[in-house]
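The block underneath contains the structure these notes are about, expressed in structure tokens.
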Amino acid sequence: MIEAREVTKHFGAFKALDGVSLEARKGEFLTLLGPSGCGKTTLLRIFAGLEPPDSGSVLLEGADVTSVPAYRRDVNQVFQSYALFPHLSVADNIGFGLKMRGIRSRERQARVAEAVAAVALGGMEDRRPHQLSGGQRQRVAVARAIVCQPKVLLLDEPLSALDARLRVGMQDEFRRLHRKLGLTMIYVTHDQQEALSMSDRIAILNAGRIEQVGSPQEIYNKPSTAFAADFVGHANLAEAEVLSVADGAAVLRTKEGIRITAPASRVPAGAAAVIVSLRPEDLTLATEAQTGPNAFAAVVLECAFHGAADRVIAVTEGGTRLVIIAAGPGARRAVPGPGERITCSIRPEDVVILPFQPAGRLRSPLSESQSAIL
């Protein structure tokens, strides 16, 4: 439906986008995910026609629209700030774009009524923006965008101003709306859980480049880079050398001396070094000493209660800092306190192997209070 080809964009000396190529398929919910400053909003604005690329092109249904101004593209955007007219009613805010396009009053009213029903704002047509909640104002902004029946709907962090509980409710609303309308939607966020729960596909951006594109399940379970593994969810990353690959199993050793066994099929052919990724929820802990594959001793530094789970920070004898998620009533009863010794373990099939990167980012160094525990 819409595509960026080799798009590059500078702001002064800063390169916001570096040769980005990405397509959004017809009827797809595509999320641009990444940290602040990674280029996701810049890419969205280039799709919208609000920013011209320095090089590269934008195609809409196969036609080059790189030089077509925003008002002539069949693309609408929902902004983070909502950008509603405070002196207009809900109905007039929604119908403003139709009025500017010269749509006759009777058709305009009918389409506004359809948009109001789509976002569940019936009975609020005569209210002003200041009489609405944050979630209701957000729905007005969405209705104003969809009433013009665009081919692509762009959403720039539309839920960032809402409280946590309302955000979850609005995520469900967006998914419902997407299924009902069948629109192509491109959604920008830096919230990993938001991206995982809402998207058909996710494009992870980092420093102006795309790290990985895939379904939420692919992104989470099969990250292609260390950045993707650590940014989506959380990962304990460590550089490791490959000691042996035989009989379907690979034996690895981290720089801190921890031996890890993983399926041989996950190690790149001929690799002498890799990055090992251990998801916190895949690690288990026990208060008694254990031996066996992928079991190693550690000391608890911190434990924080997170409702359905506890978040444990521990450090191994070799100095590797680990984050462990202990979920479920039984797991929480077993969580020890700071300074206690534990055994961590992980199943070989849960170990994720990534291509080696010389600057593989590990966990942050221990604080003075954590060092004192040891």
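The values are calculated or read from the model by the stated rules, or taken from the named source; none is laboratory data. Just so it is clear, the structure is predicted and the values come from calculations on it, not from any experiment. Please note: Cβ atoms are built from the backbone with ideal geometry, for glycine as well, and neighbour counts cover all protein chains shown. With ligands, DNA and RNA removed, areas are computed over all heavy atoms of the protein, side chains included. Shrake-Rupley method; radii C 1.70, N 1.55, O 1.52, S 1.80 Å.
Remarks
- Where Tyr187, Tyr220, Tyr71 fall by accessible area, highest first, once all protein chains stay in place (1.4 Å): Tyr71, Tyr220, Tyr187
- Value of Rg/Rh across segment 71-192 [Cα atoms, Kirkwood radius]: 0.94
- The equivalent ellipsoid of segment 207-264 has semi-axes of 26, 14, 10 Å, largest first, where each one is the square root of 5 times an eigenvalue of the Cα gyration tensor.
- Order by protection proxy (mean Cβ within 10 Å, highest first), peptides 297-303, 253-259, 7-13: 297-303, 253-259, 7-13
- Debye intensity ratio in log₁₀ form over the Cα atoms of the chain, taken at each q of 0.11 Å⁻¹: -0.87
- Kirkwood hydrodynamic radius of segment 1-160, from the reciprocal of the average inverse Cα-Cα distance over all distinct pairs: 16.8 Å.
- Angle in degrees between helix 134-146 and the longest Cα principal axis of the chain, rounded to the nearest 10: 60
- Among Ile204, Ile210, the order of accessible area from largest down is Ile210, Ile204, computed with a 1.4 Å probe on protein heavy atoms.
- Nearest 10 degrees, 0 to 90: helix 164-181 Cα axis against the chain principal axis: 60
- Here the Gaussian network model covers the chain, with springs between Cα atoms less than 10 Å apart; of Ala145, Ala309, Ala70, Ala309 fluctuates the most.
- Partner aspartates and glutamates whose Cα lies under 18 Å from the Cα of Lys180, excluding those fewer than 8 positions away in the same chain, are identified as Glu28, Glu114, Asp172, Asp200.
- Probe 1.4 Å, protein heavy atoms only - accessible area per residue of the chain in square angstrom: 47
- Relative contact order %, the chain, counting alpha carbon pairs below 8 Å whose residues are six or more apart: 15
- In degrees, nearest ten, helix 105-118 long axis to first principal axis of the chain (Cα): 20
- With all protein chains in place and a 1.4 Å probe, the accessible surface of the chain carries 50 percent carbon and sulfur.
- Shape annotation for segment 138-264: C-alpha extents along the principal axes are 61, 28, 26 Å, from largest to smallest.
- Using alpha carbons only, the radius of gyration of segment 82-143 set against its Kirkwood radius gives Rg/Rh = 0.93.
- Summarising the amide proton neighbourhood of Asn294: residues at separation of 5 or more, or on other chains, whose placed amide H is nearer than 5 Å comprise Thr261.
- The helix-based estimate of mean residue ellipticity at 222 nm for the chain, built from -39,500 (n - 2.57) per DSSP H run of four or more residues and divided by its residue count, is -7500 deg cm²/dmol to the nearest 500.
- Cross-link pairs beyond the 24 Å C-alpha cut-off, checked among Lys99/Lys151; Lys15/Lys40; Lys15/Lys222: Lys15/Lys222
- Rg followed by Dmax, in Å, when segment 265-328 is reduced to its Cα trace: 14.0, 44
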